[in-house]
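Right, one structure below, let's go through it.
The values are calculated or read from the model by the stated rules, or taken from the named source; none is laboratory data. Keep in mind the model is a prediction, meaning the values are calculated, not measured. Quick reminder, even Gly has a Cβ in these numbers, built from the backbone with ideal geometry, and neighbours come from all protein chains shown.
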Amino acid sequence: MFDWISEFINLERGQKPKSFNLDRMKVLTELAGHPEKCAPSIHIAGSKGKGSVTSMLTSILTAAGYRAARYMSPHVTDIRERLCLGDSFFDEDIYCSAGNELRHIIDELLPVAAKSQQTAALFNEIEPTLWELLTLLFFLCSRLAKCDVMVVETGMGGRLDSTNVLDPLVSVITLIELEHTSFLGDTLAKIAGEKAGIIKANKPLILAKQHEEALEVFRNKAKENNSPLYYFPEIVDFSDVKITTQGTEFSLLLNLYSSIPLCASVPPCENSQFSIPLPGKVQAENAALSIIAIKTAFPEINEDTIRQGLASLKIPARFEKISDHPPFIIDGAHTPESFALCAETFCSLYGEGGILLFGCAADKDAKAMAKIACLHFSKIIITTPGIFRKSNPEKVYETFASIAGKDKTELIIDTQEAVKKAKLYAKYNSQEKSRRDAETQSGKDKELELPILGTGSFYLVSEIRKFVFD
């Protein structure tokens with residue numbers, strides 16, 4: 001089934017369909033009997049953090065006893081990670097039955113529908129895209145599994161994204177950065193305009209802290225749609241953040257002086273402490289957004305249940321520790337701001353001067369990330385970020401070498417070899433430090449191995465994870 005779907009147009013591989021039109025998805029869902037309406041939903045968009053928020057919301061809802069279906073991307077090791085029930089795969093018979101239904105829709109129902117002039121204009125020259133098919137497959141799986149709620153992350157943008165056939169209980173928009181500029185626009189305001197497309201009339205919007213250029217767009221769109229806007233910096237006091245290698249604790253206090261009520265019945269989490277098993281302030285902020293969204297859409301869910309859900313959270317490739325010796329962290333950071341936050345958290349926990357294993361897609365701002373990397377890492381290995389998206393590791397290497405210096409920058413095209421070399425460097429530096437300590441009879445940190453951070457692309461960390469675990 002997934003092999004069949006992968007034959008269709010795939011935006012993640014850089015293929016550009018001639019049409020990027022939500023009306024196509026509306027036709028497909030109508031042919032399927034509107035499975036997107038099988039359960040209430042929460043819809044999440046943004047440039048960074050939307051996957052974490054999607055996972056956190058799902059984990060909380062699962063702890064509360066809901067059958068929560070989750071749709072997110074990209075996957076790390078298995079494409080079924082995108083379409084889940086809770087944090088586990090749907091039963092295999094669900095995937096099979098939904099897949100058969102999907103093929104019936106595409107192979108038999110769509111050709112008949114395409115005989116009409118309006119539908120023909122949408123599909124005759126362009127076949128359905130992979131993202132449209134995956135989204136429809138998720139809705140079909142959710143309906144077959146009789147889920148209670150769907151937690152759905154957009155793929156790209158929002159206004160024209162295939163998930164935007166939803167009419168959610170609440171929408172959540174995380175931080176906006178410059179991304180996918182060839183599709184979404186080359187300014188924050190244009191990108192925010194696309195993301196704002198998920199804001200539905202009279203439905204609440206939970207909004208993360210934004211740059212002013214983007215914030216203005218969201219305020220205007222919420223006002224236009226008569227949508228209550230709950231802007232994170234205005235409705236809560238977020239404080240007492242404590243980060244360790246085991247996770248992050250934080251305090252979330254409702255701003256009682258805010259003119260915006262969070263929900264009609266139960267105020268959220270006054271003077272409450274929460275913790276998540278993910279290190280980093282940015283993940284704590286994602287958790288806070290999730291708490292606000294839950295208390296808005298499901299005010300009956302109590303704080304102990306929220307804590308339970310957050311405590312059981314599992315998110316691969318979000319500051320995930322995949323090895324203790326040497327300490328090896330992988331993270332899907334792929335924009336300058338997210339990379340800076342990732343590097344800051346990494347160095348605060350494991351110290352400066354570690355090893356960076358880096359690869360990014362061709363459309364990412366490698367220069368900006370190189371300027372950050374040169375300040376924190378003693379060795380930088382550039383490699384290929386998988387084969388899923390177009391990349392140019394040679395060009396990325398030249399960019400990093402020109403900024404960080406060729407003496408500490410190395411290009412290893414093969415990712416498996418790059419992983420092996422990074423681990424050798426970590427061990428060699430440990431031995432060298434032990435030798436120096438022995439010579440000075442200091443004896444300090446003899447077992448220390450340099451830590452490794454693998455980042456720059458979800459597709460790279462997927463490859464790293466596979467090689468380390470295999």
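Summary table
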read-out	value
Verdict on ILE387 being under 23 Å from the mean Cα position of the chain (by Cα), at pLDDT below 95 and assigned by TED's automatic domain parsing to the domain that holds ILE60	no
Candidate set: region 250-259, residues that are out of contact with any helix residue (DSSP H, G or I) (no Cβ under 8 Å at 6 or more places or on another chain) and surrounded by 14 or more Cβ atoms within 10 Å (Cβ to Cβ); chosen: the one modelled with the highest pLDDT	SER251
Residues of region 121-142 classified as within 24 Å of the chain's Cα centre (by Cα) and part of a helix (DSSP H, G or I), total	13
Selected residue (only one of LYS281, LYS314, LYS321 is under 19 Å from ARG70 (Cα atoms), within 18 Å of the chain's Cα centre (by Cα), surrounded by fewer than 21 Cβ atoms within 10 Å (Cβ to Cβ) and of a type in the set (D, E, K, R))	LYS314
Within region 152-244, strands (runs of 3 or more DSSP E) holding 1 or more residues that are at pLDDT below 95	229-231, 236-244
Verdict on ILE105 being on the phi < 0 side of the Ramachandran plot, over 24 Å from the mean Cα position of the chain (by Cα) and outside the structural domain of ALA333 (by TED's automatic domain parsing)	yes
Answer residue from region 216-228, given it is buried (at least 19 other Cβ atoms within 10 Å of the Cβ) and over 21 Å from the mean Cα position of the chain (by Cα) and is farthest from ILE294 (Cα to Cα) among those	VAL217
Scope region 291-349; condition assigned to a helix (DSSP H, G or I) and out of contact with any strand residue (DSSP E or B) (no Cβ under 8 Å at 6 or more places or on another chain); matching residues	ILE294, LYS295, ASP304, THR305, GLN308, GLY309, PRO336, ALA340, LEU341, GLU344
Search result, residues across region 82-126 that are more than 17 Å from PHE139 (Cβ to Cβ) and touching a residue at least 40 places away in the same chain (Cβ under 8 Å)	ASP87, ALA113, THR119, LEU122, PHE123, GLU125, ILE126
